[in-house]
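Enquirer: I am attaching a structure below and will ask some questions about it afterwards.
The values are calculated or read from the model by the stated rules, or taken from the named source; none is laboratory data. Note that the structure is a prediction, hence the values are computed from the model and not measured. Positions of Cβ are backbone-derived with ideal geometry, glycine not excepted, and every protein chain shown enters the neighbour counts. Please note that ligands, DNA and RNA were not included when accessible areas were found on the heavy atoms of the full protein model with its side chains. Shrake-Rupley method; radii C 1.70, N 1.55, O 1.52, S 1.80 Å.
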Amino acid sequence: MQIDLIKGHGSGNDFLLIDEITNAYSFSEGERAKLATLLCDRDSDLGADGILFIMNSDQADGKMRVFNSDGSEASMCGNGLRLVARYVCEMKGLNEATIETMKANLKVSEQKDIYPDVITYQVEISPVSFLLEDLPLKLNQANLLNEKISELSQELTFTALAVPNPHLISIVNTEQLQSGVQKVISEKVNNPNELFPDGVNVSFVKNLAEGSIYVNTYERGVGFTNACGTAMSASSLVTCLQELNNVEEIVNVYNNGGRVQCVVHEDDENYSIDLIGNATYMYQAYVDVDLESETFSVSSKEEFTEQSTYEKLQADAQDFLKKAGL
């Protein structure tokens with residue numbers, strides 16, 4: 001089977017895009033998982049955090065399904081959604097669109113460049129739930145808002161929420177961020193455990209200045225990642241709840257892959273977040289895949305020129321973090 005794909009990234013969170021709208025591909029659920037583990041292998045000729053399958057929808061302009069590099073399916077992916085938004089909008093000649101995801105139909109739109117000549121899209125992150133049963137998190141309480149979990153840490157406090165991916169977020173200082181405790185906690189809650197039966201994304205958040213935060217995320221099914229779009233969105237919301245930032249105002253979110261912007265909206269204690277950032281294409285490739293033997297070869301690869309421009313944004317972000325002591 002020959003597959004035409006594009007590799008792209010949002011804030012360094014990289015994906016392979018497979019178009020099922022204009023191509024005659026049809027995959028079983030098992031084949032999608034196999035493709036993800038095979039093509040996303042970092043030791044292969046491709047490698048990525050996951051695959052974005054772009055599909056027709058009978059209720060939106062397109063549909064996104066996300067498979068992580070371990071073959072598991074994610075209900076949502078903010079960085080990936082920006083890439084799907086770009087692909088669908090450019091394919092259909094739209095400036096804004098609606099994309100069907102597992103839990104909701106989400107609004108997306110092209111935006112002015114977040115950095116000179118960096119193609120930028122805004123995507124809606126919702127629904128938001130603070131009910132522990134929606135993660136799920138097995139505690140004898142309805143929600144967890146800036147509280148300790150004794151099984152995980154005697155020092156840190158956590159907020160749990162689903163957006164709709166499950167997130168566990170702790171606002172930390174520089175010493176805690178660099179201590180290695182995030183890795184210990186993340187591995188505990190993403191291996192068999194009594195608290196999070198389905199695992200959870202774990203983010204440590206450092207407040208940098210008014211309107212600026214740093215987010216480091218251990219992503220369920222992936223591990224530590226350059227950036228996680230839903231984690232950055234959820235983290236922005238948590239900082240607003242703790243009055244470090246304000247709703248309806250831009251929060252600059254720095255990560256190991258660059259920088260995005262988030263705007264938290266509140267409507268009668270119901271929240272949604274706008275995630276604004278790059279949707280950068282790296283290359284287009286044709287791949288010959290044999291799923292039976294679990295092998296593939298890249299028959300051709302054509303590089304785009306967008307990455308060099310994005311690297312200027314990334315360098316500026318890294319310089320900012322360095323000055324902030326990170």
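Enquirer: For segment 187-232, what is the per residue volume of the convex hull drawn over the alpha-carbon atoms, in cubic angstrom?
Expert: That works out to 80 Å³ per residue.
Enquirer: Here is a follow-up. For segment 204-302, what value does the Rg/Rh ratio take when both radii are computed over Cα atoms and Rh is the Kirkwood radius, given to two decimals?
Expert: 1.16
Enquirer: What number comes out for the charge environment of residue 200, summing +1 per Lys or Arg and -1 per Asp or Glu over other residues with Cβ under 12 Å away?
Expert: Overall, the nearby charge balance is -1.
Enquirer: Can you list which of the GluC sites (Glu not before Pro) found in segment 70-167 are DSSP loop residues with at most 16 other C-beta atoms within 10 Å?
Expert: Answer in residue order: 151, 155.
Enquirer: Between residue 311 and residue 284, what FRET efficiency follows from the Cβ-Cβ distance if R0 is 22 Å, with the result rounded to 0.05?
Expert: 0.70
Enquirer: Taking the alpha-carbon centroid of each part, what is the distance from segment 219-263 to segment 164-196 in angstrom?
Expert: 15 Å
Enquirer: Springs between alpha-carbon pairs under 10 angstrom, Gaussian network model over the chain: which of 300, 57, 235 fluctuates most?
Expert: Taking springs between Cα atoms under 10 Å, the residue moving most is 300.
Enquirer: For the chain, modelled as a Gaussian network with Cα springs under 10 Å, which listed residue fluctuates most, 315, 97, 85?
Expert: Sorting by GNM fluctuation, first place goes to 315.
Enquirer: Ok, one more. Return the Rg/Rh value of segment 95-188, two decimal places, where both radii are evaluated on C-alpha atoms and Rh is the Kirkwood radius.
Expert: 1.09
Enquirer: Counting other Cβ atoms within 10 Å, keep those with at most 16, restrict to DSSP loop, and tell me which trypsin sites (Lys or Arg not before Pro) in segment 1-64 are left.
Expert: Sites meeting the loop and neighbour criteria: 42.
Enquirer: Per residue, how much accessible area does segment 177-216 show when a 1.4 Å probe rolls over the protein heavy atoms, in square angstrom?
Expert: 44 Å²
Enquirer: Hey, any idea what % of the chain's accessible area is carbon plus sulfur with a 1.4 Å probe?
Expert: 42 percent
Enquirer: With an 8 Å Cα cut-off and a minimum separation of 6 or more residues, compute the relative contact order for segment 243-326 in percent.
Expert: 23 percent
Enquirer: Over the chain, calculate the relative contact order: mean separation of alpha carbon pairs under 8 Å at least 6 apart, over the residue count, as a percent.
Expert: For the chain, the relative contact order is 19 percent.
Enquirer: Can you tell me the Rg and Dmax of segment 31-85, counting just the alpha carbons, in angstroms?
Expert: Final numbers for Rg and Dmax: 11.6, 38 Å.
Enquirer: Follow-up. Modelling each spin label as a point 7 Å along the Cα-to-Cβ direction, I'd like the residue 326/residue 198 distance in nm, to one decimal.
Expert: My value for the distance between the label points is 2.8 nm.
Enquirer: Let me ask something else. As a quick test, which of the pairs 7/323; 112/188; 34/188; 206/301 have an alpha carbon distance above 29 angstrom in this structure?
Expert: Violating the 29 Å limit, Cα to Cα: 7/323; 112/188; 206/301.
Enquirer: Dividing the convex hull volume of the alpha carbon atoms of the chain by its residue count, what do you get in Å³ per residue?
Expert: In the chain, the Cα convex hull volume per residue is 135 Å³.
Enquirer: Fully extended, how many nm does the chain gain between residue 102 and residue 188 (0.36 nm per residue separation, minus their Cα-Cα distance)?
Expert: 28.3 nm
Enquirer: Sticking with this one: Can you check how the C-alpha radius of gyration of segment 1-135 compares to 2.2 N^0.38 Å, as a plain ratio?
Expert: Here the Cα radius of gyration is 1.04 times the empirical estimate.
Enquirer: Let me ask you something else. Residue by residue through segment 139-147, which ³J(HN,Hα) values in whole Hz follow from phi under the Karplus form 6.51 cos²θ - 1.76 cosθ + 1.60 (θ = phi - 60°), with glycine and proline marked x?
Expert: 10, 7, 7, 7, 8, 9, 10, 6, 10
Enquirer: Give, in nm to one decimal, the length gained when the segment between residue 297 and residue 224 is fully stretched (0.36 nm per residue of separation minus the Cα-Cα distance).
Expert: Result for the pair: 23.5 nm of gain on full extension.
Enquirer: Per residue, how much accessible surface does segment 69-120 expose to a 1.4 Å probe? Answer in Å², no decimals.
Expert: I get 44 Å² per residue for segment 69-120.
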